[in-house]
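In what follows, a structure is listed as structure tokens, so that the remarks can point back to it.
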Amino acid sequence: MQGLARLWHWIDDICGLSASFGPIFTHRVPAAKKSAWLYVFGSATLVVFLVQVVTGIALASAYVTGSGQAYDSLRFINQNTLGHVLRGIHYFGASAMIVLIGIHAVRVYLMAAYKYPRQVNWLTGVALLLLTVLMAFTGQLLRWDQTGFWTAVVAAEQAGRTPLIGNWLGHFILAGDTAGGATLSRFFAAHVFFIPALIFALLGFHLYLVLHNGISEPPKAGRPVDPRTYRSWYHAMVARDGVPFWPDAAWRDLVFGLLIVLTILTLAILVGPPNLGKPPDPTIIQASPRPDWYFLWYFALLSLIPKWSENLVIVLGPLVFGLFLVFLPLLGGKGERHPLRRPWSILIVAFIVGIIGYYWHMGVLAPWSPRMDAPPLPVAVVGVASGPVADGAKVFHDKGCEFCHTVSGYGGIRGPDLSDAGDRMTRAEIATRIFSGAENMPSYTGNLTPAQLAVLLDFLESRHLKPPAATAMFPPR
Ligand code: HEC
């Protein structure tokens with residue numbers, strides 16, 4: 001013990017650790033009694049970011065950046081138990097970071113903690129939010145499966161709509177005219193070098209400002225921020241009623257951060273990362289990419305808005321939102337902080353959460369896109385394990401019918417539900433539809449052998465709605 005203490009004093013003396021970092025622990029912060037737990041989301045984002053750095057480095061050391069090998073190297077990582085869990089942590093870590101930084105931003109906005117003197121805290125935070133979203137976006141492409149690949153293509157197409165610099169921007173994102181090996185290298189470099197370096201730098205500045213300006217006190221209605229008196233008032237307030245950061249305030253950050261890490265770990269082990277999709281095939285333009293959940297709402301929005309408004313929404317939407325975030329602290333840097341005195345702030349948050357929630361819901365249903373990941377129909381649904389009907393069910397899945405048509409709750413919802421096809425249509429009617437196709441259904445002429453068609457029809461003819469429960473209770477005499 002004595003030896004350890006001596007060692008510590010020696011290191012501390014020549015490195016000046018407690019002189020430089022001691023004040024971070026001892027500095028006084030407002031005693032946020034009731035709202036104390038609302039202050040943990042920023043530090044939790046930081047904790048998850050560090051988790052991402054560690055797991056990211058581990059993943060990068062087994063990942064091969066090359067359009068020919070990236071997919072296979074990920075399959076290799078996935079087959080290894082530790083690799084599988086690592087991918088899981090990195091995936092759920094990314095989700096957690098998006099959620100936590102989102103909540104942190106909303107908390108700061110609702111409490112108007114962006115007002116004097118913390119305007120630059122806010123602006124660096126906005127940049128960090130953007131960078132976090134970019135990390136999620138670039139990371140998704142590194143999977144280099146159908147979804148990742150098409151997400152990049154769609155993003156480049158959208159960036160291409162920007163006035164004046166659109167062409168250049170699209171080119172810049174893809175590192176060429178089309179998505180390929182160079183795109184992958186560009187995204188990899190952005191994801192592991194460029195963006196993280198920016199995040200580290202901005203994060204350092206962000207945290208320095210948090211220390212310099214102090215943590216904002218919980219807002220109180222009728223106590224507006226006046227830049228001329230705020231600092232002296234704040235210092236007197238923390239000196240009088242404040243608490244030392246460590247441990248009085250920091251223990252909550254510690255507990256919450258630990259809880260988040262444990263949750264991520266549990267999800268990584270129990271649920272695991274999303275399965276890799278099919279390898280990218282630039283010739284399949286009907287791929288209907290479904291991005292990771294945090295971008296799903298935006299995809300749904302783009303799919304559902306009328307064509308004429310697309311340019312407006314894609315270009316103007318982010319521009320207006322971005323300008324709002326930047327000018328908010330510059331123009332609204334003083335005055336009332338309490339959300340009840342700033343009712344529009346509650347409305348704005350409710351509006352944004354409502355839009356995202358609505359389109360997210362639509363994105364999950366995705367009525368406009370075939371469900372390429374529909375699993376083969378289980379035997380319980382098909383009714384038999386072998387024979388023509390079972391073979392037909394297999395054709396129904398393999399030929400992609402199931403991507404658009406639901407049978408007993410399985411499959412896509414782009415086309416009509418076929419659970420009761422046998423009740424509604426004759427064999428000939430079904431066959432005609434399969435050959436002729438329809439507005440949103442491809443014609444299968446030439447794409448099915450007579451044998452496949454025969455079993456497919458057998459299967460569809462066997463689709464009947466189950467007799468209602470009442471019939472079973474009162475069997476016909
Ligand atoms: C890309 C999506 C898509 C695929 C793939 C697809 N369908 Fe369709 N299907 C549709 C749509 C949309 C309709 C409704 C067309 C209309 O009548 O407006 C439809 C209609 C039908 C109908 C008529 C249903 C009714 O209630 O009127 C049948 C039967 C049918 N499809 C069978 C099949 C079979 C069998 C396959 C596979 C060989 C298949 N479909 C593949 C989208 C698809």
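The values are calculated or read from the model by the stated rules, or taken from the named source; none is laboratory data. Because the structure is a prediction, the values reported are computed rather than measured. No Cβ is skipped: glycine too gets one built from the backbone with ideal geometry, and neighbour counts run over all protein chains shown. These accessible areas exclude ligands, DNA and RNA; they are computed on the full protein's heavy atoms, side chains included. Shrake-Rupley method; radii C 1.70, N 1.55, O 1.52, S 1.80 Å.
Of note:
- The accessible-area ordering, largest first, of the residues Phe188, Phe205, Phe76 stands as Phe76, Phe205, Phe188, per a 1.4 angstrom probe.
- Contact order for the chain, expressed relative to its length and based on alpha carbon pairs under 8 Å spaced 6+ residues apart, stands at 19 percent.
- Of the solvent-accessible surface of region 30-365, computed with a 1.4 Å probe and all protein chains present, 73% belongs to carbon and sulfur.
- Note on the chain: helix-only mean residue ellipticity at 222 nm, from DSSP H runs of 4+ residues weighted -39500 (n - 2.57) and normalised by residue number, equals -19500 deg cm²/dmol.
- Solvent-accessible area of Glu429, all protein chains in place: 100 Å² (probe radius 1.4 Å, heavy atoms, ligands and nucleic acids excluded).
- Trypsin sites (Lys or Arg not before Pro) lying in DSSP loop within region 180-265, provided at most 16 other Cβ fall within 10 Å: Lys220, Arg228
- Computed label-point distance, nm, for sites Val53 and Gln79 using a 7 Å Cα→Cβ extension: 3.4 nm
- Accessible area per residue in Å² at 1.4 Å probe, computed on the chain: 55 Å²
- Candidate aspartates and glutamates - alpha carbon under 13 Å from Lys278, same-chain residues fewer than 8 apart omitted: Asp72, Asp145, Asp373
- Sequence of Tyr116, Tyr230 when ordered by accessible area, the most exposed leading, probe 1.4 angstrom: Tyr116, Tyr230
- Within the full protein context, the accessible area of Cys15 is estimated at about 80 Å² for a probe radius of 1.4 Å.
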